[in-house]
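Visitor: Structure provided below as structure tokens; questions to follow.
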Amino acid sequence: MLVLSRKKNQVLRIGDEVILKVIEVRGGVVRLGIDAPNHISILRGELAISMAEERPECAEDACSTTSRKAISACPR
């Protein structure tokens, strides 16, 4: 795991397609802006875990897919 320190308005690039920007730091909360193409899935960790627990047949898609279509295709 790579651990970096960033200040407000600083950017982190992931590959050629993903940009992560620190929008705000307030107390123990950091607001992030993520700019990524539609084919890259972005899920909060707790949402992916919840989806995996509720629908075991979707666990692989929810936690590892790079397609939003695969996640939305899973029965809720």
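Every number here is computed from the coordinates shown, using simple stated rules; none is lab data. The structure presented is a predicted model; accordingly, all values stated were derived computationally and were not measured. We place every Cβ from the backbone using ideal geometry, glycine too, and count neighbours over all the protein chains shown.
Visitor: Mind running the shape call on segment 1-53? Use the C-alpha gyration tensor, a ≥ b ≥ c as the square roots of the eigenvalues: rounded below 1.5 for a/c, prolate if a/b tops b/c, oblate otherwise.
Guide: Oblate, because a/c is 1.5 or more while a/b does not exceed b/c.
Visitor: Of the listed peptides 34-42, 47-55, what is their order by residue-averaged count of other C-beta atoms within 10 Å, with the highest listed first?
Guide: 47-55, 34-42
Visitor: Applying the Karplus parametrisation 6.51 cos²θ - 1.76 cosθ + 1.60 with θ = phi - 60° to the phi angles of segment 14-26, what ³J(HN,Hα) value in whole Hz is obtained for each residue in order, glycine and proline being reported as x?
Guide: Residue by residue, segment 14-26 yields 10, x, 8, 10, 10, 10, 10, 10, 6, 8, 7, 10, 9 Hz.
Visitor: Assuming 0.36 nm per residue, please report the length gained on full extension of the stretch Arg13 to Glu46 beyond their Cα-Cα distance.
Guide: Between Arg13 and Glu46, full extension yields 9.5 nm more.
Visitor: Can you give the relative contact order of segment 3-60 as a percent, counting alpha carbon pairs under 8 Å and 6+ residues apart?
Guide: Over segment 3-60, the number comes to 20 percent.
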